[in-house]
1. Return yes or no: is A139 buried (at least 18 other Cβ atoms within 10 Å of the Cβ) and modelled with pLDDT under 95?
2. Quick one: which residue in K99, K167 is farther than 18 Å from I83 by Cα and away from the ligand (no atom under 13 Å from the Cβ)?
3. I'd like the residue in region 152-164 that is of a type outside the set (D, E, K, R) and open to solvent by 20 Å² or more (accessible area, probe 1.4 Å) and, out of all such residues, is nearest to the ligand (Cβ to nearest atom).
4. Cβ-Cβ below 9 Å, separation at least six or inter-chain, first residue in region 155-169 and of a type in the set (A, V, I, L, M), second surrounded by fewer than 15 Cβ atoms within 10 Å (Cβ to Cβ) and in a strand (DSSP E or B): which pairs?
5. Would you tally the residues in region 148-196 being under 22 Å from G223 (Cβ atoms) and either in a strand (DSSP E or B) or of a type in the set (A, V, I, L, M) (or both)?
6. Within 14 Å of the ligand (Cβ to nearest atom) and closer than 13 Å to V169 by Cα: which single residue out of L277, L263, L289, L294 fits that description?
7. On the given criteria, is V193 crowded, with 18+ Cβ neighbours inside 10 Å, more than 16 Å from the ligand (Cβ to nearest atom) and closer than 26 Å to V98 by Cα?
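The values are calculated or read from the model by the stated rules, or taken from the named source; none is laboratory data. Predicted model only: the values in this text are computed from it and were never measured. A quick note on method: Cβ atoms are made from the backbone with ideal geometry, for glycine too, and the neighbour counts reach across all protein chains shown. Note: accessible area is taken over every heavy atom of the protein model, side chains too, but ligands, DNA and RNA are not part of it. Shrake-Rupley method; radii C 1.70, N 1.55, O 1.52, S 1.80 Å.
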Amino acid sequence: MNDIPGFEIGPNKLSSRIIDIKIKDETIEKLIFPFKKFDLTAIEYKPFTRFTIAKSLDDLTKNKLSILLNKIIRNRNLGCFIIGPENQNLNINDIFLVKLSTAISYLIGNPNHDSMAGKYYARFSVKHEDKSDSYLRKAYINMDLHTDGTYVKEITDWLLMTKIEEKNVEGGETTMLHLDDWEYCDELYNDPVGKENFVWSSPKSKNIEYKVEHPVFSEDENGKAQISYIDQFPEPKNMSQGNFLQKLSDCLEESKNKVISRLPVGSAIVANNYFWLHGRRPFKENKDLSRELLRIRGSFFKN
Ligand SMILES: [Fe+2]
């Protein structure tokens, strides 16, 4: 399954649950022409073009890539891969990376509309100064472990985060935690408060006018824990919900089993959003600090 010509595939050094997929130069070369067929306006305005570029990527592998990506992302023991060019080269600019991220996403499922950006993907910067109302752009504060899509109605089965560029960065590592590696999973999952409905809302910048209700924990088809949680957005109704969320937050951040990694520029991390949590460590202060990320979140294709 792991042998695809033009790709280098193997377990990540920090966690065998994460698969590294490196795209060799020869494969990047073969993508340049089909990717140039559409400019970003076409890609943004005409959804079918996104399937076309996804197909051109998959065709290079005789459809083995889409099979592999779907197997990894749906496998409870894995559920995460890091994919990107093996080497940097001049053909790999921000537009190429938007298209590559799009192609990868459209081999897995349909992206949700990203209300923050008003389209199917969002590009955002983290810089020294910030006036926003969420932790997303606060460079010097830890972004605690969380899942995405907690405060929207759309189903968020998976998420993709691509590092488009980075300058003058120290710190800011990606933190990841798989629920089955979490020391406190059974304890928190078996607390009945975690299965009560919580109210979730979001700050203004997210452009979501409504609130949703759902529990923190749910059960998958094999009886295993799934989580939908972020620290900033639940509104506890009472003391027991407040105390539960505090304990949950402490137990997540205290975990010794977080995977702390430095995502290479040009690479994307793609994770199952039901049993992988993600976060970011604080950056070291630098007034020239700059990082640009791209995110896409969505649901799986239903066959
Ligand atoms: Fe997130």
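1. When the stated conditions are applied, A139 passes them.
2. K167
3. Checking each candidate, the answer is M161.
4. none
5. 7
6. Exactly one of L277, L263, L289, L294 is within 14 Å of the ligand (Cβ to nearest atom) and closer than 13 Å to V169 by Cα, namely L263.
7. Criteria not met by V193.
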